[in-house]
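Below is one structure, written out as structure tokens; the observations come after it.
The values are calculated or read from the model by the stated rules, or taken from the named source; none is laboratory data. Worth saying up front: this structure is predicted, and the values here are computed from it rather than measured. Ideal geometry is used to build each Cβ from the backbone, glycine not excepted, and the neighbour counts take in all protein chains shown.
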Amino acid sequence: MVRRSYLENILATRGLQAVFQPIVSIQTGAIAGYEGLIRGPADGPLHSPLHLFRAAREYNLTLEVETACCEALLERFSQLRLPGKLFLNVSPDAVEQAPFSSERLRNYLADLGLDADRVVLELTEHMHLASDYEALRNALESYRRIGFKMAIDDLGEGFSSLRRWSELRPEFIKIDMHFVQGVDRDRMKQQLVRALNDVARSAGVTVVAEGIETEEEWRFLNRCGVDFGQGYYIARPQANPATSLSAELAQCVAKAWSFKRPGASSVRPTAQGGATALKLLRSVAAVGPETSNNEVCDLFTEQSGLHTIPVVEEGRPVGVITRADLLNRFSRPYQRELYGTKPCSLFMDRAPLVAEKGTSLQELSHILVEADGQQLVSDFIITDEGMYLGIGTSLDLLRELTHMQIDAARYAHPLTQLPGSVPINRQIDHLLQSGAVFKACYADLDNFKPFNDVFGYQRGDDIIQLAGTLLCEVANPELDFVGHVGGDDFIVLFQSADWRERCERFLMEFESAIAAYFRGAGREAQGYYAKDRQGTMQYFPVPSVSLGVVEVKPSGFETHHQIAAAAAQAKSEAKKTLGNSLFVERRRMRRNEEGAEASAF
């Protein structure tokens, strides 16, 4: 136990240290502000804020300690010139008492060069009983009148915290870390977070998720459309906090804009060639989140064909306003009078459908099918690395998909329904034009003709279908392309990093399936005897597969004809090895790096 004099000396010598934890937009990655936290002397028993405030309560110095904490945080926040808002932890008692009067704070902030609207009073600890709410509300209103905002901390602790929300009407709520940690694996927590976020959105309240510790938690909150977050995954509290995202987090944010997000209905580009979301692009002027609802309504009135207006902040889409939703709201009594001058961010959909310009239309259609009924008839936003480009319409998407389906059916192989030569060549050209690094794998069945001659074309078709099915199973549908050239020849365009393991797995699974096929036919798995075309009995091994792989890098090839020839040559090299084999050709990659390898299975 520390002595009272030790605590009083800390206050007298201004021995408290301010640290700050960033609060970041989960949707865009922008730093929205910082929560100010306090530490006692680093080498003393009151370094921890828990110990500090425990001692303050014991010696009846809580108000003095809170005042010193706020002064230290405000002064340091000003000195560091940190961006965004400062979330300042205060207790209800401090809000109501003189040392924390709104006028005193306003003058104090003016001396520091800070505006009152950059400070968010974050109410902590246990709230008063019902009889004290009126006094607390009156005190908070005096702060609001001069620009301060308000947040409720640890929402979700219990019924009392929900009551605070309904009675105090804060601008921000902070979801307790208990519901955030592990939310990606806990369905109950997921439902609660979605519910809290939905209620907040309908009330025009900004949500901050506390305690984010993993990328998976971040991704779930991103999919849900939660506004802001803080936690160790983003950054730990520091005396000199960063003013930009870490490289790891920046990469995560970039992926979130291009990857499929079921909750926020975003999609990611795939490796498949052909039409992308960019083909559906329509130029539509966006508005900022501070644009009034009246101005948005006027835009809809002036442009009868406009159904959706994107809301963009610093170049990134943050929501959409739909004609149907806004006019429906304004059709109710007094709604336009009450909300017409309010910012459109109050009514916007914060989780619109967002697609990167390179997103395949097939993937985009999957998201539309999974989306709710409203999104099936609404427009979606098209971006370039997260930056707003324009919008696309569901009608244009469906029209383009219909054309693609007709085209695909025209060139699909009738036996396997896999893409034929024309779409294979298109996909290769697409990869070459985009500068992608990929592996062209030519798969050819060995000893297929005698098998077909002996067992009949139906059994031969079964083997071809088996090979096509297994190739599709080992390929990554989001990265790789499987095509059927014709007969017993297939092409796989691998962009998967583990392409070699996928090839090896295919060969093993094919060998196992063929062995089972022959055992089921009452024959030895190694082969069979049959008459050749001259009528002589001959031993034929069971069908196997030769895989020839060519590694393609930018500038290594110019056309799909060159790649097809190189892959065919690699396949011929693989056929020199008996049984299932894999041959990788690298000599075409660099003139000074000649080499190849072959392996049998």
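Residues in segment 288-311 that are in contact with a Pro (Cβ under 8 Å, 6 or more places away or on another chain) and either surrounded by 20 or more Cβ atoms within 10 Å (Cβ to Cβ) or in the same structural domain as Cys224 (by TED's automatic domain parsing) (or both): Asn293, Pro310, Val311. For segment 540-584, enumerate the residues that are buried (at least 16 other Cβ atoms within 10 Å of the Cβ), assigned to a loop (DSSP other than H, G, I, E, B) and among the polar types (S, T, N, Q). Hits for segment 540-584 are Thr577, Asn580. Is it true that Ala12 is touching a Leu at 6+ places or on another chain (Cβ under 8 Å) and not polar (S, T, N, Q)? Answer is no for this residue. Within segment 569-584, residues that are of a type outside the set (Ser, Thr, Tyr) reach partners that are assigned to a loop (DSSP other than H, G, I, E, B) with beta carbons closer than 6 Å, at six or more positions or on different chains, in the pairs Asn580/Phe601.
Taking segment 540-565 as the range and being more than 30 Å from Asn425 (Cα to Cα) and modelled with pLDDT of 85 or more as the test, the residues that pass are Pro541, Val542.
In segment 400-428, the qualifying residues are those that are at pLDDT below 85 and among the small types (Gly, Ala, Ser), and the one that is farthest from Ala440 (Cα to Cα) is Ala409. I need a count of the residues in segment 301-320 that are among the acidic types (Asp, Glu) and either in a helix (DSSP H, G or I) or in contact with a Phe, Trp or Tyr (Cβ under 9 Å, 6 or more places away or on another chain) (or both). So the count comes out to 1. Quick check: is even one residue across segment 343-351 closer than 22 Å to Gly204 by Cα, touching a Gly at 6+ places or on another chain (Cβ under 6 Å) and either among the basic types (Lys, Arg) or at pLDDT below 85 (or both)? Yes: segment 343-351 contains one or more residues that are closer than 22 Å to Gly204 by Cα, touching a Gly at 6+ places or on another chain (Cβ under 6 Å) and either among the basic types (Lys, Arg) or at pLDDT below 85 (or both). Applying the criterion of being of a type in the set (D, E, K, R) and either outside the structural domain of Asn138 (by TED's automatic domain parsing) or not in a helix (DSSP H, G or I) (or both) to the residues of segment 162-205, the residue that is surrounded by the most Cβ atoms within 10 Å (Cβ to Cβ) is Lys174. Only residues that are in a loop (DSSP other than H, G, I, E, B) and either crowded, with 20+ Cβ neighbours inside 10 Å or not small (Gly, Ala, Ser) (or both) were counted in segment 321-357, giving 12. Answer yes or no: is there a residue in segment 60-74 that is of a type outside the set (Ser, Thr, Tyr), assigned to a strand (DSSP E or B) and modelled with pLDDT of 90 or more. No, because not a single residue in segment 60-74 is of a type outside the set (Ser, Thr, Tyr), assigned to a strand (DSSP E or B) and modelled with pLDDT of 90 or more.
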